[in-house]
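**Student:** Please find one structure pasted underneath; my questions will follow.
Read-outs throughout are calculated quantities, based only on the coordinates presented, and are distinct from any laboratory measurement. Here the structure is a predicted model, which means the values were calculated and not measured. As a convention, Cβ positions derive from the backbone with ideal geometry for all residues, glycine included, and neighbour counts pool all protein chains shown.
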Amino acid sequence: MTRSLSKWWAIFSIYFQDGIAYRASGLIWIMTDLVTAVTMPLVWAKASAVAQGPIAGFTSGDFVLYYLTMLMLGSFITSHIMWEVATEIKEGNFSAMLMRPISFYQFLFCRNLSWRIIRPMLFAPFFVLLLWAYRGYLGDVTLFMGWEFWASVILGHLVSFTFVTMMAMLALFVQEVYSIFELYYVPMLFLSGQLFPVSVLPEWAQRLALLFPFYFTTGAPTEILIGRVSGPRIHEVLLIQLAWIVLGYVGAKVLWRKGLRHYTGVGM
C-alpha cells in the first residue's frame, strides 16, 4: 500500500505541476464556461419575471444560485480525459503507458484528479466576481452542506470519470473516435442539468434523465446543495451514483481487455 501511495502521489504531483505550468490553457476553457454563467441566469431570471412567479419551483434567485453552484461544482466533477487518451492511443504514445509499473486505470485517475483540483482553484476568483455581480439575486440563500452533499460531489466525479474512461477505451477499437466523443456532449449537456435544470424539462425528459448517468454527475449534487433534493431521496441518489460507478468501471475493464487485442501501437 505504501508503494502504491507513493506512485499515486508521484503521478499526481507531476501532472499537478504540469497543469500549473500550462494554466493559461485552463483559463481559456474557464472563459468558455463563463458564457453559461453570465447568460443563462439572466435568461431564466427574466423568464421568471415575465411569468410573474416561479418556473418549476425556481424563482429568479433560485436560477442564479443554481447556475453559479452548477458551474463551480462542475469544474471539479466533470471529466474530459477521453480526449487525451484517444490522442495518445492514435499517436502510439499509449505503448509507453503499458510499460509503467502501475495500473493504467490508476494512472488515469491520478492524472485526471490533478487537473480536477487545479480547475476550481483557477475558477475561484471568477466565481467570487460572479457572486458580487449577482448579489442582488442572492439575498436569502440556504445551502445544504451535510456529509451527503460532499459524498454526492465525490461520487459524481467518479461517475463522470468512470464513464468517460469507458468511452476512451473505444479508441482501441475505432480509429476516428472523436466524433463519438462530440456526440456524447449532446445528451450530457441536456440531461446533466448543465444547460438548464432537469426540473424544468417535460416530465418524459425528466424520467429519461434518470435512466442515464449524466444527471448523477453534476445535476444531483447541485440540487442537493440548493435543497431541491432532500430527505430519503438523497440516499437514493447516492446509491444510484454508486451503481453507475460500478457499471462504468466494469465496462471500462471489459473494453480494456478486449481492446488491447486490437491495439497495434504504430502511431499516426
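**Student:** Compare the Cα positions of Thr2, Thr36, Thr218 along the charge dipole of the chain (+1 at Cβ of Lys, Arg; -1 at Cβ of Asp, Glu; about the Cα centre) and return the one farthest towards the positive end.
**Tutor:** Value computed over the given set: Thr2.
**Student:** Sticking with this one: Does a label point 7 Å from the Cα of Leu98, set along Cα-to-beta-carbon, have any residues of segment 229-264 with amide nitrogen under 19 Å, and which are they?
**Tutor:** Backbone N within reach: 252-264.
**Student:** Kindly identify segment 144-183 as rounded, prolate or oblate by the Cα gyration tensor criterion: order the square roots of the eigenvalues as a ≥ b ≥ c, call it rounded if a/c is under 1.5, otherwise compare a/b with b/c, prolate if a/b is larger, else oblate. Numbers along the way, then the final one.
**Tutor:** Working: a/c = 8.45, a/b = 3.40, b/c = 2.49.
Prolate is the answer for segment 144-183, as a/c is 1.5 or above and a/b outweighs b/c.
**Student:** Okay, next question. Between Trp204 and Leu42, what length comes free when the chain is fully extended (0.36 nm per residue of separation minus the Cα-Cα distance, one decimal in nm)?
**Tutor:** That works out to 55.7 nm of additional length.
**Student:** Still on this model: On a full-extension model of 0.36 nm per residue, what is the gain between Ala124 and Val174, subtracting their alpha-carbon distance, rounded to one decimal in nm?
**Tutor:** Details: separation 50, 0.36 × 50 = 18.00 nm, distance 3.80 nm.
Once the chain is fully extended between Ala124 and Val174, it gains 14.2 nm.
**Student:** Based only on other Cβ atoms within 10 Å, what is the fewest-to-most ordering of Ser4, Ser192, Ser60? Let's see the in-between values first.
**Tutor:** Details: Ser4 11, Ser192 27, Ser60 20.
Fewest-to-most ranking of Ser4, Ser192, Ser60: Ser4, Ser60, Ser192.
**Student:** Compute, for the chain, the length of the dipole vector about the Cα centre, with Cβ point charges of +1 (Lys, Arg) and -1 (Asp, Glu) only. Units Debye, rounded to 20. It would help to have the intermediate numbers written out before the result.
**Tutor:** On the way: 17 positive and 13 negative charges, 138 e Å.
Computed charge dipole of the chain: roughly 660 debye.
**Student:** Long-range amide H contacts for Ile55: which residues qualify at under 5 Å (H placed 1.01 Å from N, peptide plane, sequence gap of 5 or more or a different chain)?
**Tutor:** For Ile55, whose amide H was placed from the backbone, there are no distant partners under 5 Å.
**Student:** Then there's this: With n ≥ 4 as the cut-off for DSSP H runs, can you work out [θ] at 222 nm for the chain, using -39500 (n - 2.57) per run divided by the number of residues, rounded to the nearest 500? Mind dumping the intermediate values first?
**Tutor:** Working: 11 runs with 191 residues, N = 268.
Helix contribution divided over all residues of the chain: -24000 deg cm²/dmol.
**Student:** Hydropathy first: keep DSSP H helices in the chain averaging at least 0.0 on Kyte-Doolittle, then drop any whose Cα extent along the axis falls short of 27 Å, and list what survives. All intermediate terms of the calculation are to be shown ahead of the outcome.
**Tutor:** Numbers: long enough: 2-21 (28 Å, 0.23); 23-51 (42 Å, 1.12); 104-133 (43 Å, 1.11); 147-168 (31 Å, 1.30); 232-260 (43 Å, 0.82).
In the chain, the long hydrophobic H runs are 2-21, 23-51, 104-133, 147-168, 232-260.
**Student:** Report the label-to-label distance for Ala51 and Trp147 in nanometres (one decimal), using points 7 Å from each Cα along the Cα→Cβ vector.
**Tutor:** Computed distance between label sites Ala51 and Trp147 equals 3.7 nm.
**Student:** Any idea what diffusion coefficient segment 2-260 gets from Stokes-Einstein, in µm²/s, Kirkwood Rh on alpha carbon pairs, 20 °C, 1.002 mPa s?
**Tutor:** On the way: Rh = 19.5 Å.
This corresponds to a translational diffusion coefficient of 110 µm²/s.
**Student:** Between Val186 and Ile20, 0.36 nm times their residue separation minus their Cα-Cα distance comes to what?
**Tutor:** Details: separation 166, 0.36 × 166 = 59.76 nm, distance 3.01 nm.
So the extension gain works out to 56.8 nm.
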